[in-house]
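The values are calculated or read from the model by the stated rules, or taken from the named source; none is laboratory data. Everything quoted here is computed from the prediction, not taken from an experiment. Note: ideal-geometry Cβ built from the backbone for every residue, glycine included; neighbour counts use all protein chains shown. The protein model used for the area step is the full one, side chains on, heavy atoms only, and it has no ligands, DNA or RNA in it. Shrake-Rupley method; radii C 1.70, N 1.55, O 1.52, S 1.80 Å.
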Amino acid sequence: HLMLSIVKKQFASSGYVMTQDVKRIFVDGGFSKNLLYMNMLATFYPGKEVYAATIAQSTALGAALAIHGSWNDQSLPANMIDLKYYSSMQPISF
């Protein structure tokens, strides 16, 4: 019940900021490693692709990548962040 309550709160909160049609949702931080949470979240967004970042601090990495060209002239590695896909159609496996 606790996890369902958290997912419901996340779903309601996301509704306040998702004013346009969003196709993909990316989750990072501690909850991105919680299989139950991620599967339940995907169930709440059946028409969207839900991904969990497999590295810590991927939001900070994304911010650094956004300004990369202003402080570094080297090219970026091709696959710095791995993503795990979650779907409402997948069975929950632990």
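Within the stretch 12-32, residues that are within 15 Å of residue 43 (Cα to Cα) sit with their Cβ atoms under 6 Å from residues that are among the charged types (D, E, K, R), at 6+ positions apart or across chains, in these pairs: 24/49; 25/48.
Scanning the stretch 28-43 for residues being closer than 17 Å to residue 11 by Cβ, open to solvent by 10 Å² or more (accessible area, probe 1.4 Å) and aliphatic (A, V, I, L, M) gives a total of 2. Among residues of the stretch 55-74 being over 18 Å from the mean Cα position of the chain (by Cα) and either of a type in the set (Phe, Trp, Tyr) or open to solvent by 60 Å² or more (accessible area, probe 1.4 Å) (or both), the one that is nearest to residue 26 (Cα to Cα) is 67. Does at least one position in the stretch 58-79 carry a residue that is aliphatic (A, V, I, L, M), at pLDDT 85 or above and touching a helix residue (DSSP H, G or I) at 6+ places or on another chain (Cβ under 7 Å)? Within the stretch 58-79 (the criterion being aliphatic (A, V, I, L, M), at pLDDT 85 or above and touching a helix residue (DSSP H, G or I) at 6+ places or on another chain (Cβ under 7 Å)), the answer is no, since none of the residues qualifies. Going through (1) part of a helix (DSSP H, G or I); (2) open to solvent by 90 Å² or more (accessible area, probe 1.4 Å) one by one, residue 5 falls short only on (2).
How many of the residues in the stretch 11-45 are in a loop (DSSP other than H, G, I, E, B) and among the hydroxyl-bearing types (Ser, Thr, Tyr)?
Of all residues in the stretch 11-45, those in a loop (DSSP other than H, G, I, E, B) come to 18-23, 28-29, 34, 45.
Cutting the leftovers down to among the hydroxyl-bearing types (Ser, Thr, Tyr) gives us 19, 45.
Residues flagged as in a loop (DSSP other than H, G, I, E, B) and among the hydroxyl-bearing types (Ser, Thr, Tyr) within the stretch 11-45 amount to 2.
Checking each residue of the stretch 46-54 against the condition of being in contact with a Phe, Trp or Tyr (Cβ under 9 Å, 6 or more places away or on another chain), in a helix (DSSP H, G or I) and open to solvent by 20 Å² or more (accessible area, probe 1.4 Å) gives no match.
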